[in-house]
Amino acid sequence: MDWPALLPLFLTASVEWVEAFTIVLAVSLTIGWTASLGAAAAGLGTLAMLTAATGGALSLGLNLYLLQFIIGVFLLLFGVRWLAKAIARQAGRKALHDEDAEFRATRAKISQGDWFAAWLIAYKGTLLEGLEVWLIVVAFSLHSHAWAANGVTALIAMLIVLAAGLSVRAPLRRVPENAIKFVVGAMIVSFGTFWTLEAMAGPRLPLGAWPLGDWSLPALAVFFLAGGQALVPLIRRRSGLAEA
Amino acid sequence: MKAFIKTLFGDIRNLAGVAVIVAVGAAFVAAGYGGWAVFAMPAAALAVVAALAGQ
């Protein structure tokens with residue numbers, strides 16, 4: 001079990017499932033719960049097939065360093081985007097993600113279309129939000145081989161969000177999404193930097209790329225969290241925005 | 001399909017930023033300064049994050 005990976009995985013999955021739930025909830029008000037949950041289930045089914053196909057392709061026996069490099073680059077692609085967006089939002093350069101606004105926008109889109117168009121919105125919403133969860137599960141599982149633990153963690157996050165969402169039948173607006181994205185973004189950039197460099201330099205250096213080994217990961221996370229926080233006032237000042 | 005690709009890779013600026021981070025690490029390793037890459041690569045990553053956040 002790769003415990004350090006479970007927390008970012010759980011948080012990432014929770015945030016993505018909240019976004020998917022908002023879309024499914026908006027669609028359910030037009031085509032009903034059965035059809036919208038059916039569309040969400042179809043989206044999750046597509047993701048399951050994708051996971052099975054990925055597992056099959058990866059069992060072909062790729063070089064460990066090549067795998068680490070691919071995982072590292074994917075995590076950088078994902079983490080850099082999340083951390084940059086979280087900083088921009090905290091600095092006031094970008095509007096905070098608003099589940100109520102997302103809910104209203106989805107409702108407006110559905111009102112212009114028919115039953116199938118609404119079904120497709122729920123399907124696509126679940127598939128695209130779930131795709132980010134899939135990415136993280138695959139990336140962490142390739143390293144730790146803890147496919148079951150990581151998959152179950154993502155499923156637990158989904159069940160918690162679903163239970164909370166169905167109990168209030170409203171967009172889950174109290175989730176501190178930007179704070180979560182800030183922390184998770186920093187953690188994912190840390191993992192991405194760690195694995196990418198390990199893959200490039202590891203084979204050439206006697207102790208591997210990172211002298212502290214896995215203990216370099218918390219140090220990297222602190223560096224990116226502190227660095228990200230330091231960037232917020234700088235970006236705010238550069239944009240001419242008042243201090244909050 | 002476009003949304004699928006964008007979800008996986010982000011936009012062109014994101015791709016370019018990650019290419020810079022990897023290039024910095026690769027340059028240090030290729031020049032025989034792999035030990036210094038542990039400082040250079042995180043610094044490059046934070047610089048890319050700053051550039052993307054400031055746009």
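The values are calculated or read from the model by the stated rules, or taken from the named source; none is laboratory data. It should be emphasised that the depicted structure is a prediction, and the values quoted were computed from it without experimental measurement. Ideal geometry is used to build each Cβ from the backbone, glycine not excepted, and the neighbour counts take in all protein chains shown.
What number of residues in the range B:1-34 are small (Gly, Ala, Ser) and more than 7 Å from chain A (Cβ to nearest Cβ)?
7
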Among all residue pairs at least 6 apart or on different chains, which show Cβ distances below 6 Å where the first residue, located in the range A:129-150, is among the acidic types (Asp, Glu) and the second is surrounded by 20 or more Cβ atoms within 10 Å (Cβ to Cβ) and assigned to a helix (DSSP H, G or I)? A:Glu129/A:Glu16; A:Glu129/A:Glu19; A:Glu129/A:Ala20; A:Glu132/A:Glu16
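From the list A:Ala118, A:Ala139, which residue is surrounded by 19 or more Cβ atoms within 10 Å (Cβ to Cβ), at pLDDT below 85, away from chain B (no Cβ under 14 Å) and assigned to a helix (DSSP H, G or I)?
After ruling out the rest, the residue left standing is A:Ala118.
Within the range A:228-244, which residues are modelled with pLDDT under 85 and either loosely packed, with under 13 Cβ neighbours inside 10 Å or within 11 Å of chain B (Cβ to nearest Cβ) (or both)?
First pass over the range A:228-244, keeping only residues modelled with pLDDT under 85: A:238-244.
Residues satisfying the conditions are A:Arg238, A:Ser239, A:Gly240, A:Ala242, A:Glu243, A:Ala244.
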Of the conditions (1) at pLDDT 85 or above; (2) more than 11 Å from every other protein chain (Cβ to nearest Cβ); (3) surrounded by fewer than 22 Cβ atoms within 10 Å (Cβ to Cβ), A:Met187 satisfies every one except a single condition; which number is it? (3)
B:Ile12 passes all but one of (1) surrounded by 15 or more Cβ atoms within 10 Å (Cβ to Cβ); (2) under 15 Å from A:Phe78 (Cα atoms); which number fails? (1)
Qualifying residues in the range A:146-184 (those that are in a loop (DSSP other than H, G, I, E, B) and of a type in the set (A, V, I, L, M, F, W, C)) - the one surrounded by the fewest Cβ atoms within 10 Å (Cβ to Cβ): A:Ala170
Grab the helices (runs of 4 or more DSSP H) fully contained in chain B, keeping just those with 3 or more residues being modelled with pLDDT of 90 or more and within 13 Å of A:Leu197 (Cα to Cα). B:12-30, B:37-53
